[in-house]
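> Take this structure, written in structure tokens, and hold onto it; I'll ask about it next.
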Amino acid sequence: MTALEECLASLGDSANVLSMSEIRDMREKFWRSIPMTRRGRVDWTKIEKKIKISSIQGLSSISRNWIKDLDSPAFIMWDEFTLPIVKCSSLRKIFEQIEDVLIVSFDIWVFSFEEKYVIEFYHEGDITIGTIDE
């Protein structure tokens, strides 16, 4: 079983892999809405409201102060573009299975345009949450 398959299995029925056209549209919207550096990271200097999180263990409690509804849908996008984008029925479910989500690839973005946030899990250990404007 691949890391992606394990991730999808752990997310269960809450996860839905987007179609190729949905992936293309979502990537375009992501790149238009979220400033990125040339190195493929969110350009946090261009996002006014943000916070760095020191560990995965603190993610859920800190997120409650930044994200209105942890039970709202969220998307998972990995830096490896051969991987799909996954829509999960709730951010809370992603947090419950975060280890399986992170093992799939080096850099990961969890985001919601509806709730207006992006969470970047950078391969060097940085975790940052920020608000986004569409």
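None of the figures in this text is laboratory data; all of them are computed from the coordinates on show. Predicted model only: the values in this text are computed from it and were never measured. Cβ atoms come from the backbone with ideal geometry, glycine included; neighbour counts cover every protein chain shown.
> With each run of n ≥ 4 DSSP H residues scored as -39500 (n - 2.57), what mean residue ellipticity at 222 nm is computed for the chain after dividing by its residue count and rounding to the nearest 500 deg cm²/dmol?
Rounded to the nearest 500, the figure is -7500 deg cm²/dmol.
> Net charge near GLY130, counting Lys/Arg +1 and Asp/Glu -1 over other residues with Cβ under 11 Å of its Cβ?
Spelling it out: positives minus negatives among the neighbours equals +1.
> Rounded if a/c is under 1.5, else prolate if a/b is larger than b/c, else oblate: which is segment 1-97, with a ≥ b ≥ c the root eigenvalues of its Cα gyration tensor?
Judged from the Cα gyration tensor, segment 1-97 comes out oblate (a/c at least 1.5, b/c at or above a/b).
> Where Lys and Arg each count +1 and Asp and Glu each count -1, what net charge lies around TRP109 among other residues with Cβ under 9 Å from its Cβ?
Net local charge, TRP109 excluded: -3.
> Using a 10 Å cut-off around each Cβ, can you sort TYR117, TYR122 from fewest to most neighbouring Cβ atoms?
TYR122, TYR117
> List the extent of the Cα atoms of segment 42-134 along each of their three principal axes, largest first, rounded to whole Å.
Between the extreme Cα coordinates on each principal axis of segment 42-134 lie 30, 28, 28 Å.
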